[in-house]
Amino acid sequence: AVPVCDFFARNPEQHDAAISALRLADDASTVPQIIAALKSGETNFPARAFVNGLDTVAYLSRFKQKKDTAREFLLSYINHKRQALRVGAIKALGTLEDPRAISALETFSTTSKDSPERQAAEQSLAAIHAARKQPDNLQDLRATVLDLQKQNRDLKKDFDTLQKKVEAKNGKSGKK
C-alpha cells in the first residue's frame with residue numbers, strides 16, 4: 001500500500017477522491033497520515049478537498065477515547081485566513097463530537113447572525129450536545145425502570161394485603 005502522504009504528493013488532482021475513500025474505509029489508524037498530508041500540502045489542496053480532509057479526520061476519530069490530536073488539529077484551523085477552512089474546521093468539530101471543543105465553538109456565538117462561522121458553530125454545538133445526551137437518556141431509562149419495579153412491588157404488596165382481607169372476611173362469613 002502507498003503511504004497516504006506519498007499518494008497526496010504524487011496525485012494532487014485526486015485529493016478529494018482519496019480522502020473520501022479513506023473516510024469510507026473507516027480506519028482510524030490513517031488519521032495521523034491524513035493530518036500530516038493536510039499540514040504539509042495545505043496550499044496544494046483545493047479548499048473543498050481540504051475541508052473534506054478536516055471532516056474525515058474528525059469522522060475517523062469520533063469513537064476514539066482520546067480525541068486530543070484530532071481536536072487540536074481542527075482547532076488550529078478555526079481562525080484560518082481562508083473562510084472555507086475556518087467553516088470546515090468548525091463543522092468538523094461537530095463531527096468529532098468532543099465536548100472539550102465547546103468553549104472554542106461558543107466564541108463564534110457572538111459573531112453576526114448571518115456569518116457562516118456562527119451557523120456552523122451552532123450546528124456543531126447541537127451535534128456535540130446531542131451526542132452527550134445519549135448516556136443521559138440511558139440513565140433516565142434506568143431510573144424509569146427502577147421506579148416501575150418499585151411500583152410493581154408496592155402494588156403486589158397491596159394486592160396481597162387485599163387478598164388476605166378478602167380471605168379473612170370470607171372466612172368470618174363462612175363461620176356464621
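None of the figures in this text is laboratory data; all of them are computed from the coordinates on show. Not measured: the values here are computed from a predicted model. Backbone-built Cβ (ideal geometry, glycine too); neighbour counts: all protein chains shown.
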The chain: C-alpha gyration tensor shape, a/c 1.5 cut-off, then a/b vs b/c: prolate
Fewest-first ranking of VAL57, VAL166, VAL31, using other Cβ atoms within 10 Å as the exposure measure: VAL166, VAL31, VAL57
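Report the extension gain between GLN14 and LEU138 in nm, rounded to one decimal, defined as 0.36 nm multiplied by the number of residues separating them, less their alpha carbon distance.
This chain segment gains 40.3 nm when fully extended.
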Using a Förster distance of 30 Å, the FRET efficiency for ASP26-SER109 (Cβ separation, nearest 0.05): 0.40
Cβ charges +1 (Lys, Arg) and -1 (Asp, Glu), total dipole of the range 49-176, debye: 1000
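Given a Förster radius of 35 Å and the C-beta distance between ALA131 and ASN152 as r, what FRET efficiency does 1/(1 + (r/R0)^6) yield to the nearest 0.05?
0.55
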Ranked list, fewest to most other Cβ atoms within 10 Å of each Cβ, for HIS129, HIS15: HIS129, HIS15
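Determine, for SER61, SER103, SER109, the number of other Cβ atoms within 10 Å of each Cβ, and report the residues in order from fewest to most.
Details: SER61 25, SER103 8, SER109 11.
Fewest-to-most ranking of SER61, SER103, SER109: SER103, SER109, SER61.
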Proximal aspartates and glutamates relative to LYS39, as straight alpha-carbon distance under 18 Å, when same-chain residues fewer than 8 apart are discounted: ASP6, GLU13, ASP16, ASP55, ASP68, GLU72
Inter-label distance, nm, simple model (7 Å from Cα along the C-beta direction), ARG48/LYS66: 3.7
